[in-house]
Amino acid sequence: MMDAIHMLDRWICRIMGALAVALLCLLFFLMSCNVIARFVPVFSMGWFDEIVELSFAWMVFATAAVLWRHKAHPSIDILEGMLEGQRARYVVSILIDLVNICFLLAFTWYSYSLVMNASASSPIFQIPRKLFYVIMPVTGAYMTTVSLFFFVDHIRGLLAPGAVDDTPSH
Amino acid sequence: MTAALIFAGLIFLIMMGVPIAIALGAVSLVAMADNLPALGLMAQRMYSSTTGFTLLAIPFFILAGNLMNTGGITEKIFRFAKASVSHYWGGLGQVNILASMIFSGMSGAAVADAAGLGKIEVKAMVDDGYDPEFAGAVTAASSTIGPVVPPSIPFVIYGSLTGVSVGKLFLAGMVPGVLMAIAMAVAVNLISRKRNYPRRPKAGYGEWWASFKDAILALLTPLIIIGGILGGWFTPTEAAVIACIYALLLSTFVYKELTWRKLLHILEDTLLHTVRVMFIMATAGFFGWVLTLNQVPQTLVSGLTTVTQSPTLLMLIMIGVLLILGMFLEGIAVILICVPIFIPVVAFIGMDPIQFGVVMILASMIGLLSPPVGMCLYAVASISNVKVTALSREVLPYILGIFLVMLMVAFIPAISLSATYLIE
């Protein structure tokens, strides 16, 4: 069961990582075309803004989820460093996990509401606003799930007899 | 009271180790606990804080810096700087500063400079007989010129938060950036005389010309970026894309050092550094909105003005807060937290927000060099194998230099604002 979850997790991370790289390349291409079109106006790029906004938002939130999985979002690890190798570090990690889970749950819920309530479409391609926003609840749900696994790991560590924390810092 | 609780909660969560982005979001959630219907706008606020067109400059300036680091361009800049100034006291220290100054005109991030160009600089200095602590300190300090001299990622963020022209902010950073370099060069000179560090013989004209020819295409990058913005040909965001295209062409077709594998690594690294900032921006957008809703900036302004009405004292208080926060938070986080609070104070004392932007970025550069959370100290410590504590002692003269430049910028508006009149 855990092997299947780990494999699924690896695939989700790979797909989101590849998607983010592809979107960065697309943004680079679009921005380059936009500059060229200004000096050599042989083609119109009126649709440019909506594709750029969509790509940028998806790139940011997809990468944020991958970074979350790898605990790579910036944080101050002074306290965790001071408690290195002590059981108390688990307690701090558990508290941090709880704060993370609370915020991510709220983020997932309110971004889901935003998707559900969005009814407009983009002016040129008629892309529904829902599509712009949907990346937020999706990545929010993924980050919440990952945080729950971190939380369970830390609880296990705290309860394990004689164990010391070897969790990498954020 | 609400303001005090919000900030106490924020500092507590951050010091506990909660990721900065989440800490900003979590205190905002708690502050809104009595106004749940308004929380419906939380996701909207986070979304709109990360999708502004100006912010697109961030990934592209990071990408440009990474392409220059990997594409062999930094080595050529270093060789040129070496042929130009290594005969002065503290030879390679001066080279270090000049190379960072040139690199600053291509990349907008201090850590990109410290981690990329820094590797070459530290190795060359240690091989030449300099103490690793001195080499590391000069490298860390000179890397902070990057975000002050245009292009600059912190200026892009400040501009997007305040609505101030990013082009004007870029220009406002030019003179203070040069002053920083001069202050550091003086410090290197004095320390080198005292410790009797080696001086190199002056490079012959032929050697200098060869290094110049080798680096000329790379040296054109800042001219293209600044010239393009000044000439009104492109916006700062487009300038970032132009810098990327130029760096890509140079490293692929001229210097031929870029492979597909390296390019993929560069793209992944760019995403990592971009989104570490952007996710904080997302929750900081929500945080700023919550502060406004709770009238925190107004409360702080009235609180501060009951303490003093003197613009000088208010400015010094803000600088003090920026420096203290900079010791514990990343520079970008300090900017994101302080801008919504300080901008009303800046308006109250009648200061130009462009001038204040430069002060704020200079203060955050001091933060990058201050323990316990100086990002540049850690980046250089990891490439130079010097302990952070030793590095933080050695870097003090350069911090003093930046501090003096910051005070000059804070109290002499012409230093930052004179260049901004070059564009409308």
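The values are calculated or read from the model by the stated rules, or taken from the named source; none is laboratory data. On a predicted model such as this, the values are computed, not experimentally measured, just so you know. For neighbour counting, all protein chains shown are included, and Cβ atoms are generated from backbone atoms with ideal geometry for every residue, glycine included.
Of the residues making up the range B:15-25, just one is surrounded by fewer than 23 Cβ atoms within 10 Å (Cβ to Cβ) and at pLDDT 90 or above, namely B:MET16. All of B:VAL359, B:VAL409, B:VAL346 fail the test of being crowded, with 18+ Cβ neighbours inside 10 Å, more than 28 Å from B:ILE120 (Cβ to Cβ) and in contact with a Phe, Trp or Tyr (Cβ under 6 Å, 6 or more places away or on another chain), apart from B:VAL346.
Condition check: within 14 Å of another protein chain (Cβ to nearest Cβ) and touching a helix residue (DSSP H, G or I) at 6+ places or on another chain (Cβ under 8 Å). Does B:PHE212 satisfy that? In short, no. Of all residues in the range A:64-78, those that are in a loop (DSSP other than H, G, I, E, B) have Cβ atoms under 6 Å from Cβ atoms of residues that are polar (S, T, N, Q), 6 or more apart or on another chain, in A:ASP77/A:SER169.
The residue pairs whose first member lies in the range B:260-273 and is facing chain A (nearest Cβ under 10 Å) and closer than 14 Å to A:PHE28 by Cα, whose second member is of a type in the set (A, V, I, L, M, F, W, C) and surrounded by fewer than 17 Cβ atoms within 10 Å (Cβ to Cβ), and whose beta carbons are closer than 8 Å, counting only pairs six or more residues apart or on different chains, are B:LEU267/A:CYS25. Looking at the range B:364-375, is at least one residue in a helix (DSSP H, G or I), within 14 Å of chain A (Cβ to nearest Cβ) and out of contact with any Gly (no Cβ under 7 Å at 6 or more places or on another chain)? Yes, the range B:364-375 contains at least one residue that is in a helix (DSSP H, G or I), within 14 Å of chain A (Cβ to nearest Cβ) and out of contact with any Gly (no Cβ under 7 Å at 6 or more places or on another chain).
Hey, among the residues in the range A:82-116 that are facing another protein chain (nearest Cβ under 8 Å) and farther than 28 Å from A:ARG156 by Cα, which one's nearest to the chain's Cα centre (by Cα)? Result: A:SER111. Per the conditions (1) touching a helix residue (DSSP H, G or I) at 6+ places or on another chain (Cβ under 7 Å); (2) surrounded by fewer than 14 Cβ atoms within 10 Å (Cβ to Cβ), the sole criterion not satisfied by A:VAL42 is (1). How about the range B:6-23: which of its residues are more than 9 Å from every other protein chain (Cβ to nearest Cβ), of a type outside the set (Val, Ile, Thr) and in contact (Cβ under 8 Å) with a residue 12 or more places away in the chain? Across the range B:6-23, the qualifying residues are B:GLY9, B:LEU10.
Does A:THR167 meet the test of being at pLDDT below 90, in contact with a helix residue (DSSP H, G or I) (Cβ under 8 Å, 6 or more places away or on another chain) and of a type in the set (Ser, Thr, Tyr)? Yes: the conditions hold for A:THR167. The residue list A:VAL66, A:VAL35 contains one member that is within 26 Å of B:MET281 (Cβ to Cβ), β-branched (Val, Ile, Thr) and within 7 Å of chain B (Cβ to nearest Cβ), which is A:VAL35. Could you give every pair whose Cβ atoms fall below 6 Å, whose first residue belongs to the range B:63-77 and is within 20 Å of B:THR274 (Cα to Cα), and whose second residue is of a type in the set (Lys, Arg), counting only separations of at least 6 or pairs across chains? Going by the 6 Å Cβ cut-off, the qualifying pairs are B:THR70/B:LYS262. Of A:ILE78, A:ILE51, A:ILE96, all but one fail to be under 22 Å from B:LEU329 (Cα atoms) and either surrounded by fewer than 21 Cβ atoms within 10 Å (Cβ to Cβ) or touching a strand residue (DSSP E or B) at 6+ places or on another chain (Cβ under 6 Å) (or both); the exception is A:ILE78.
For the range B:29-48, the set of residues classified as facing another protein chain (nearest Cβ under 9 Å) and within 20 Å of A:LEU98 (Cβ to Cβ) consists of B:LEU29, B:LEU39, B:MET42, listed by residue number.
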